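To start, the structure itself, in structure tokens.
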């Protein structure tokens, strides 16, 4: 099993989760993080660190977020989506986006 970053991360990209990851499985894109399923060891330490509750164990992904299982796999292997291991400041407008839903169209691949 692995963990999945869901839609809540889009345009928020808080990076609190990357500081606690023991295997550096997070990949950073322009406006979202994803988890590389080949690197994730299912430790779950990232889940409580996410301020927008964007991270789920794969078996707990809500039905409306199942597409993010494939998105995490695809984008974790995409060119330009590099490993992120240190926390960064979130985007300046992250707080404006953190409670919004329906953000898939905002995802920059």
(message) If the requirement is being part of a loop (DSSP other than H, G, I, E, B) and modelled with pLDDT of 95 or more, which of these qualifies: 64, 42?
(response) 42
(message) Could you check the range 70-109 and list, in sequence order, the residues that are within 20 Å of residue 18 (Cβ to Cβ) and part of a helix (DSSP H, G or I)?
(response) 71, 72, 73, 74, 75, 76, 94, 95, 97
(request) Any chance you could count how many residues in the range 89-109 are surrounded by fewer than 12 Cβ atoms within 10 Å (Cβ to Cβ) and under 20 Å from residue 35 (Cβ atoms)? (result) 1
(message) Being at pLDDT 95 or above, more than 14 Å from residue 109 (Cα to Cα) and surrounded by 13 or more Cβ atoms within 10 Å (Cβ to Cβ): is that true of residue 10 here?
(response) no
(message) Looking at (1) touching a helix residue (DSSP H, G or I) at 6+ places or on another chain (Cβ under 7 Å); (2) in a loop (DSSP other than H, G, I, E, B), which one does residue 17 not meet, given that it meets all the others?
(response) (2)
(request) Just give me the residues in the range 45-57 being part of a helix (DSSP H, G or I) and touching a helix residue (DSSP H, G or I) at 6+ places or on another chain (Cβ under 6 Å), in sequence order. (result) 49
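The values are calculated or read from the model by the stated rules, or taken from the named source; none is laboratory data. A quick note: this is a predicted structure, and the numbers were derived from the prediction, not measured. With ideal geometry, Cβ positions are generated from the backbone for all residues, glycine too; neighbour counts draw on all protein chains shown.
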